[in-house]
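Undergrad: Attaching a single structure in structure tokens format; questions to follow.
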Amino acid sequence: MSFCRAMIFHIKGLSEYTQAGFESASKRFNLYDTDVDMSDQHIMITGANSGIGKITALECAKRQSHVYMVCRDEKRGKEAQEEIIRESNNRNIELYLCDMSKPQDVVIFTKQFIQLQKPLNVLCNNAGCMINERQLINDEHEVNFATNTLGIYILTKNLIPILTQNQLARVFTTSSADMYNVKLDPDNFNLTHTRTFDGNFVYAQNKRQQVVMAERLAERYPSVYFATWHPGWVDTPLVRSAMPIFYAKMQNRLRIPEQGADTLIWLCCQKDIAEKYKNGDFFQDRTVVSKHLPLAWTKSTIEEDERFMRNLDRVYEKYVQ
């Protein structure tokens, strides 16, 4: 069955996730969907100094939104901030430093941000990593899980009180098409039960976790609209460094970052998205798509999803008490 899943994923990927796939999908885009004034919107974007995050920050800034850039590296963050201000002619671009792989840093950042009493309409969970060797944060959390799942969960849950105070509250999380290749494992966050460490598999599992998180948070907090999305196969620093073989084979077909960021920019522009789509939906190229491939056997049960969330909450509580 895994062979069948891999074949379906490969065929679908070549058809839809490449640059040609984007060009085909874009023929049905409504250009007016992103021709909007966003001056009343306050948008937080993690990983905003490069790739999809930076492009999204720039495009939101061009539409006059107030942008909170959350970055790990101060030098790169300041350089990106200055570039975005210069190109958008919008000075409402603020830089915050936070390492999403470190739970304590995320908790401290959210507490400090809450104390500032700034409005927040949109949270874009975009920062992520794919580390191909087993590394532990705090001698406890595998680094991919800490960044891609736990960090996002802490950030999102801690900012829910601010989001619910503002109308049109939305949370968008950048997942990946790789999540189509795995079923949720509700228990083994650190992959300690595996003989060998496979960064691609761990990354895919994290991205599946993000989809389940969004679904469950949508049920817990119905006044906030949650969605996950994937950008297709994009030429980004992460792909080049973490997937060199894939990059070497596909580099001429990969989407450029602007194409990869398009759906996130579109999502940020949709102030009435909760009226049009189901809370917890999954998007590809501005369209709701299935969260599972045909014959892939990746659907988890409600009981497994709830067990995953209980386990995640236990880890979360260690840092927020």
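The values are calculated or read from the model by the stated rules, or taken from the named source; none is laboratory data. The shown structure was predicted, so the numbers you read here are calculated from the model rather than taken from an experiment. Here Cβ is always computed from backbone atoms with ideal geometry, including for glycine, and neighbour counts include all displayed protein chains. We work out accessible area using only protein heavy atoms, side chains counted, and drop any ligands, DNA or RNA first. Shrake-Rupley method; radii C 1.70, N 1.55, O 1.52, S 1.80 Å.
Undergrad: Of F226, L155, P186, which is farthest towards the positive pole of the chain's charge dipole, taken about the Cα centre with +1 and -1 on the beta-carbons of Lys, Arg and Asp, Glu respectively?
TA: P186
Undergrad: Another question, then. Relative to the present Cα-Cα distance, how much length would full extension add between I85 and L136 at 0.36 nm per residue of separation?
TA: Full-extension gain reported as 14.7 nm.
Undergrad: Which cross-chain or sequence-distant (5 or more) residues have an amide H under 5 Å from the amide H of V234, H modelled 1.01 Å from N in plane?
TA: It is R255, by chain and number.
Undergrad: Quote to one decimal, in nm, the extra length available between E258 and A20 on full extension: 0.36 nm per residue of separation minus the C-alpha distance between them.
TA: Here the segment from E258 to A20 would lengthen by 84.3 nm.
Undergrad: Moving on to the next point. Take every DSSP beta bridge whose two residues both sit in the range 3-318, then give the antiparallel share in percent to the nearest 5.
TA: Percentage antiparallel, nearest 5: 15.
Undergrad: For labels at F201 and Q117 in the simple 7 Å Cα→Cβ model, what's the distance in nm?
TA: So the two model labels end up 5.1 nm from each other.
Undergrad: With r as the distance between the Cβ atoms of Q251 and Q321 and R0 = 41 Å, compute the FRET efficiency 1/(1 + (r/R0)^6) and round to 0.05.
TA: That pair, Q321 with Q251, gives E of 0.30.
Undergrad: How would V320, V234 line up by accessible area, probe 1.4 Å, largest first?
TA: V320, V234
Undergrad: Continuing with this model, one more query. Can you tell me which of 82-94, 113-125 comes out highest on packing, and rank the rest after it, using the mean Cβ neighbours within 10 Å?
TA: Taking the mean over residues of other Cβ atoms within 10 Å, the ranking is 113-125, 82-94.
Undergrad: Cα atoms only: what Rg and Dmax, in Å, come out for the range 71-158?
TA: Both quantities, over Cα of the range 71-158: 14.5, 44 Å.
Undergrad: While we're here: With r as the distance between the Cβ atoms of S290 and Q104 and R0 = 35 Å, compute the FRET efficiency 1/(1 + (r/R0)^6) and round to 0.05.
TA: About 0.40, to the nearest 0.05.
Undergrad: Here's a follow-up. For the range 221-237, in order, what is each residue's ³J(HN,Hα) by Karplus, 6.51 cos²θ - 1.76 cosθ + 1.60 with θ = phi - 60°, in whole Hz (x at glycine and Pro)?
TA: The phi angles translate into 10, x, 7, 10, 8, 10, 8, 10, 7, 10, x, x, 8, 10, 7, 10, x Hz.
Undergrad: Right, here's the next one. By a straight-distance test (C-alpha under 23 Å), which lysines pair with K62 as possible cross-link partners, with residues fewer than eight away in the same chain excluded?
TA: Within the straight-line limit of under 23 Å, K62 reaches these lysines: K54, K75, K78, K118, K271.
Undergrad: How much of the accessible area of the range 1-157, in percent, comes from carbon and sulfur atoms when a 1.4 Å probe is used?
TA: Carbon plus sulfur share of accessible area: 47 percent.
Undergrad: Can you tell me which aspartates and glutamates have their Cα less than 12 Å from the Cα of K102? Leave out same-chain residues fewer than eight positions away.
TA: Partners found: D139, E140, E142.
Undergrad: Turning to a different aspect of this structure: Please compute the per residue accessible area over the chain with all protein chains in place, 1.4 Å probe, rounded to a whole number of Å².
TA: Spelled out: the 1.4 Å probe surface of the chain, per residue, equals 46 Å².
Undergrad: Which of the peptides 32-41, 169-178 is most tightly packed, and how do the rest follow, going by the mean number of other Cβ atoms within 10 Å of each residue?
TA: So the peptides 32-41, 169-178, ranked by packing, come out 169-178, 32-41.
Undergrad: Could I ask something else about it? What does the extension gain come out to for R314 and H10, with contour length at 0.36 nm per residue minus their alpha carbon separation?
TA: 105.8 nm
Undergrad: Contact order normalised by length for the chain, with contacts defined as Cα pairs under 8 Å and 6 or more residues apart; what percent is it?
TA: Contact order relative to length: 22 percent.
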